[in-house]
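To keep things clear, I will list the structure first and then write my remarks on it.
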Amino acid sequence: MSRVRNTYLVLHGFQNHRPPGHWQHWLAGALAERGHEVRYPQLPEPDAPLLADWLAALEEHGKRPAGEGETEGEFVVLAHSLGVLLWLRAVAAGRAPEADRVLLVAPPSPQVTAAIPEIAEFADGLDLDAVRTLTPPVVPTRLVYGDGDPYCPEGADAPYGIPLGLDLDHVPGGGHLNPDHGYGAWPDVLSWCENPAVRVRGNQ
C-alpha cells in the first residue's frame, strides 16, 4: 500500500531568509524526510516586500499537485508572521490556493504592521469580514500565538483569532514563536502536520 503523501506550503515572514535555525526550516526538512512534498519558497525581496509580488508568488507555489490516486494527500499551508497577513490578504481577495487545512503562527498586529513602512501595505485595507466568510468552516484553520509577542502585544487572538472564529492554540511565554524565543525545532508542529488533532504547544 502506498503511503499518503501530503503537500506542505510553508510561508515565511518579513526579513526572513529561510535561516537554518528557524522552525520552518527545520520542519521543511523533517517533512521531506518523511516523504512529503514540501514547498518552502523564498518570497520576493523579503527585506522590502511588495504585497502584489508576494500574492503572485503564493499563487505560483500554491498550485495543487496532480492527483495520484490513493497516494494523494492533503494540501496544507503553514504561515508565520507576515506570511499570515499574506494568507489573509489572499483569502480576502479570493486568491488563496485551495487548501485542506491551514496553520497560522504569530501574525503581527494590524497596528504594528501599519507602523513599519516596509510592510504597511499588508495591513492597509485588510478586510476581516471577507476573510471571515471564506475561512472556517470551509478550511479548518488554526491560529497559534504566544504571550509577549513584540509584534502583537495584545495577543493575536484579539485582532484575528476571536473575530475570525479560528481554532486557537495559546503558547504561554512563546513571544514571536521564532528562534529568538526558542523555536528552532518544534516537534508539536511536526506532529500537527501529520495529525490535525494534535494541539500545538510550546517547547518549554
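The values are calculated or read from the model by the stated rules, or taken from the named source; none is laboratory data. Remember, it's a predicted structure, so these values are computed and weren't measured experimentally. Methodologically, a virtual Cβ is constructed for each residue, glycine included, from the backbone with ideal geometry; neighbour enumeration extends over all protein chains shown.
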| query | So how many residues does segment 161-174 have that are in contact with a strand residue (DSSP E or B) (Cβ under 6 Å, 6 or more places away or on another chain) and farther than 15 Å from V200 by Cβ? | reply | 0
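Does segment 16-29 hold any residues that are among the hydrophobic types (A, V, I, L, M, F, W, C) and in contact with a strand residue (DSSP E or B) (Cβ under 9 Å, 6 or more places away or on another chain), and which are they? Walk me through it before giving the result.
Within segment 16-29, the subset among the hydrophobic types (A, V, I, L, M, F, W, C) is 23, 26-28.
Scanning segment 16-29 gives W23, L27, A28.
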| remark: So the strands (runs of 3 or more DSSP E) completely within segment 1-92 holding 3 or more residues that are in contact (Cβ under 8 Å) with a residue 40 or more places away in the chain are 5-11, 72-80
| Tally, over segment 51-78, of residues that are of a type in the set (A, V, I, L, M) and surrounded by fewer than 15 Cβ atoms within 10 Å (Cβ to Cβ) | 3
| A115, sole failed condition from (1) among the small types (G, A, S); (2) surrounded by 13 or more Cβ atoms within 10 Å (Cβ to Cβ); (3) free of Cβ contacts under 8 Å to residues at least 12 places away in the same chain | (2)
| remark: If you go through S81, S109, the only one that is of a type in the set (G, A, S) and either buried (at least 22 other Cβ atoms within 10 Å of the Cβ) or within 25 Å of L190 (Cα to Cα) (or both) is S81
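Taking the residues in segment 175-199 that are of a type in the set (A, V, I, L, M, F, W, C) and surrounded by fewer than 20 Cβ atoms within 10 Å (Cβ to Cβ) as candidates, determine which candidate is farthest from V139 (Cα to Cα).
Step one: list which residues in segment 175-199 are of a type in the set (A, V, I, L, M, F, W, C), which gives 177, 185-186, 189-190, 192-193, 197-198.
Pick out the ones that are also surrounded by fewer than 20 Cβ atoms within 10 Å (Cβ to Cβ) and you get 185, 190, 197-198.
Details: A185: 26, L190: 19, A197: 15, V198: 17 Å.
Restricting to residues being of a type in the set (A, V, I, L, M, F, W, C) and surrounded by fewer than 20 Cβ atoms within 10 Å (Cβ to Cβ), the top hit is A185.
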| If you scan segment 145-166, which residues turn out to be among the charged types (D, E, K, R), farther than 15 Å from L85 by Cβ and either buried (at least 19 other Cβ atoms within 10 Å of the Cβ) or touching a Gly at 6+ places or on another chain (Cβ under 7 Å) (or both)? | D147
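For every residue, the table says whether it meets (1) more than 17 Å from the chain's Cα centre (by Cα); (2) at pLDDT below 95.
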residue: P41; (1), (2): no, no
residue: H61; (1), (2): no, no
residue: T71; (1), (2): yes, yes
residue: V77; (1), (2): no, no
residue: W87; (1), (2): no, no
residue: A92; (1), (2): no, yes
residue: E98; (1), (2): no, yes
residue: V105; (1), (2): no, no
residue: P108; (1), (2): no, no
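Look at R18 and say whether it is touching a helix residue (DSSP H, G or I) at 6+ places or on another chain (Cβ under 9 Å) and modelled with pLDDT under 95. Reasoning before the result, please.
Working: touching a helix residue (DSSP H, G or I) at 6+ places or on another chain (Cβ under 9 Å): yes; modelled with pLDDT under 95: yes.
It is true that R18 is touching a helix residue (DSSP H, G or I) at 6+ places or on another chain (Cβ under 9 Å) and modelled with pLDDT under 95.
Given the condition β-branched (V, I, T), touching a strand residue (DSSP E or B) at 6+ places or on another chain (Cβ under 6 Å) and modelled with pLDDT of 95 or more, answer yes or no: does some residue in segment 184-192 qualify? Full working, then the answer.
Taking segment 184-192 first, the residues β-branched (V, I, T) are 189.
Those still in the list that are touching a strand residue (DSSP E or B) at 6+ places or on another chain (Cβ under 6 Å) too: none.
No - not one qualifying residue is present in segment 184-192.
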